[in-house]
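Reviewing the structure listed below.
Coordinate-derived values only; no laboratory data. Everything quoted here is computed from the prediction, not taken from an experiment. Quick reminder, even Gly has a Cβ in these numbers, built from the backbone with ideal geometry, and neighbours come from all protein chains shown.
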Amino acid sequence: MPAQPRGRDVSLIIGGARSGKSRFAEGLATATGLPVAYVATARGDDAEMRERIARHRAERPASWTTIEVPLALSRAILTEAAPARVVLVDCLTLWLTNVMLGNLDVEHEADGLLAALGASAGPVVLVSNEVGYGIVPDNALARAFRDHQGRLNQRVAGLASRVTLVAAGLPLDLKLPKEAA
Amino acid sequence: MPAQPRGRDVSLIIGGARSGKSRFAEGLATATGLPVAYVATARGDDAEMRERIARHRAERPASWTTIEVPLALSRAILTEAAPARVVLVDCLTLWLTNVMLGNLDVEHEADGLLAALGASAGPVVLVSNEVGYGIVPDNALARAFRDHQGRLNQRVAGLASRVTLVAAGLPLDLKLPKEAA
Amino acid sequence: MPAQPRGRDVSLIIGGARSGKSRFAEGLATATGLPVAYVATARGDDAEMRERIARHRAERPASWTTIEVPLALSRAILTEAAPARVVLVDCLTLWLTNVMLGNLDVEHEADGLLAALGASAGPVVLVSNEVGYGIVPDNALARAFRDHQGRLNQRVAGLASRVTLVAAGLPLDLKLPKEAA
């Protein structure tokens, strides 16, 4: 097949906690053969989270560059994206948490993210959680969070060229790029 | 293709909170080209719910008729269903909530719903939540609710001609009518 | 088709609470035509659980042998597995609960389970819950549980020849044996 101009190259990998979605996304990034800019949105605010961050980092190839971006995600995507580099964002759920805890305007931040993804100069892989498959949470903040998360996933999925649900480490494609379908 | 008698025309659209399941179901109803009777099971008991109801209503075509049916769902289906009209029920989860809060017999009400769906004179689209993918809830009522919801989804799915899981706004078909398979 | 040596025959059936996963797994075991050794991991510690156990048991064929195995799962698999018998384990989620409540080393127990599945002399069907699709739980034990459950599902799925997600009683194949694919 002759080389041809590719369309938008944004992949969204969704799944539950400990579903293997991060590992799947890392495999996707690795498979491109391009260098990877890993955008970590986690905040090491407590011991449990710091342990988790350290464990994840130890599992990633040493050659990847890691950038910690708790909030300024759209700027990071615009800065890091390049035709010969993959930007891997892990994950939108922690970013959304940071946005809400920082009392920022979620819709405004989401607009910025969508604009950055639409304007990205290179491939982007994003990891996000499914959080809406349980009983309605008791507290209003948790309900607001899952509403925002669900809407954010829908918006990114609508723009993405590929959307994959990961369960028990196994992928289920919800949307595939035309060349792969 | 010549017109042929269709079999049962019941579609069940399931998904998590804010998964895009209502929008998908609305698209399914619209795609039939038939007028739509929208059966809303939500109760506007508090401000958060009233705001949500108003937002959903504003997003629906003005031509649809809306009927508020917190409890008498089987009667509404039997009354509204017609060969040239789609009944769209949104959603079974709020209806089940109303049944349980009203101390009605869930199995009896579910039997009535299944009978109405089996006898429906026209196409019905139902929206329902998946609520069983989290940690076991602490309180007994929440556990009973997710048991009832799971069983109800299974029963309606067993009778339905089409069952679709929606995640991040994207459909995954679990069951398709024979003509479409 | 000539008879041929089969590869590993381990099936993992995952799903939410009341998703129909147990019934689907039972159907899979029944369809082999082999006698079934049913390995029940539930503990009848309280009335709600005893009622659930009794209901499930009444729904199973009387010809099945039932073994109650709250903890010693790898030994039970090694003992019961045979080329002409199916071992059906229902479920890994209650087993993991028992392991954690018993203060056993989860990783060590999981290693033993994986080894037993790898060495099994006959077909094994395992049922497990998806518990990671809700809001992050408030308490640390629940968070640890869903992390362990997610990792366990990934490990068993990695070894299994078949992995099926069940929703509303309907199967979605995540991994199929080569002969069936």
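Computed from the C-beta positions of B:LEU101 and A:ALA84 and an R0 of 60 Å, the FRET efficiency is 0.55 to the nearest 0.05.
The HN-Hα couplings worked out from phi for the range B:110-127 by the Karplus form 6.51 cos²θ - 1.76 cosθ + 1.60 (θ = phi - 60°) are 5, 4, x, 4, 4, 4, 5, 5, x, 9, 4, 7, x, x, 10, 10, 10, 10 Hz, whole numbers, x standing for Gly and Pro.
With semi-axes defined as the square roots of five times the eigenvalues of the C-alpha gyration tensor, the equivalent ellipsoid of chain C measures 25, 19, 17 Å, largest first. The C:GLU51 and A:ALA119 beta-carbon pair, evaluated with R₀ = 56 Å, returns a calculated FRET efficiency of approximately 0.45. A cut-off of 5 Å between modelled amide H atoms, ignoring neighbours fewer than 5 places along the same chain, links A:ALA37 with A:VAL86, A:VAL87, A:LEU88.
Listed values for the range B:160-174 are Karplus-derived 3J(HN,Hα) couplings in whole Hz (6.51 cos²θ - 1.76 cosθ + 1.60, θ = phi - 60°), namely 5, 8, 9, 10, 10, 9, 10, 9, 6, x, 10, x, 10, 7, 9, and x replaces Gly and Pro.
Looking at the range A:98-181, the trypsin sites (Lys or Arg not before Pro) that sit in a DSSP loop and have at most 12 other Cβ atoms within 10 Å of their own Cβ are A:LYS178.
Summing Lys, Arg as +1 and Asp, Glu as -1, what charge do residues with Cβ under 12 Å from the Cβ of C:ALA17 carry, C:ALA17 excluded? So the surrounding residues net to +3.
Note on A:LEU159 and C:THR32: the model spin-label points, each 7 Å out from Cα along the C-beta direction, lie 4.9 nm apart. By definition, a body whose alpha carbon gyration tensor gives a ≥ b ≥ c is prolate when a/c is 1.5 or more and a/b is larger than b/c, and the range C:1-98 fits this prolate description. Straight-line cross-link reach from A:LYS175 at under 21 Å between alpha-carbon atoms covers these lysines, not counting any fewer than eight positions away in the same chain: A:LYS21, B:LYS21, B:LYS175, C:LYS175. Shielding by partners for peptide C:140-148, expressed as the average number of C-beta atoms from other protein chains within 10 Å of each residue's C-beta, is 2. Of all DSSP bridge pairs formed entirely within the protein assembly as shown, close to 20 percent run antiparallel. Once Rh is set to the Kirkwood radius over Cα pairs, what Stokes-Einstein translational diffusion coefficient, in µm²/s, holds for the protein assembly as shown at a temperature of 20 °C and a viscosity of 1.002 mPa s? Answer, rounded: 86 µm²/s. Legend: ranking of residues C:GLU80, B:GLU130 from fewest to most surrounding C-beta atoms inside 10 Å; resulting order C:GLU80, B:GLU130. In a reduced charge model with +1 at each Lys and Arg Cβ and -1 at each Asp and Glu Cβ, the protein assembly as shown shows a dipole moment near 1240 debye about its Cα centre. The alpha carbon centroids of the range A:150-181 and the range C:48-122 are separated by 35 Å.
Working from the Cα coordinates of the range C:41-89, the gyration tensor eigenvalues give, after taking √(5λ), semi-axes of 22, 15, 5 Å in decreasing order. For chain B, the longest principal axis of the C-alpha atoms and the axis of helix B:47-59 are separated by about 10°.
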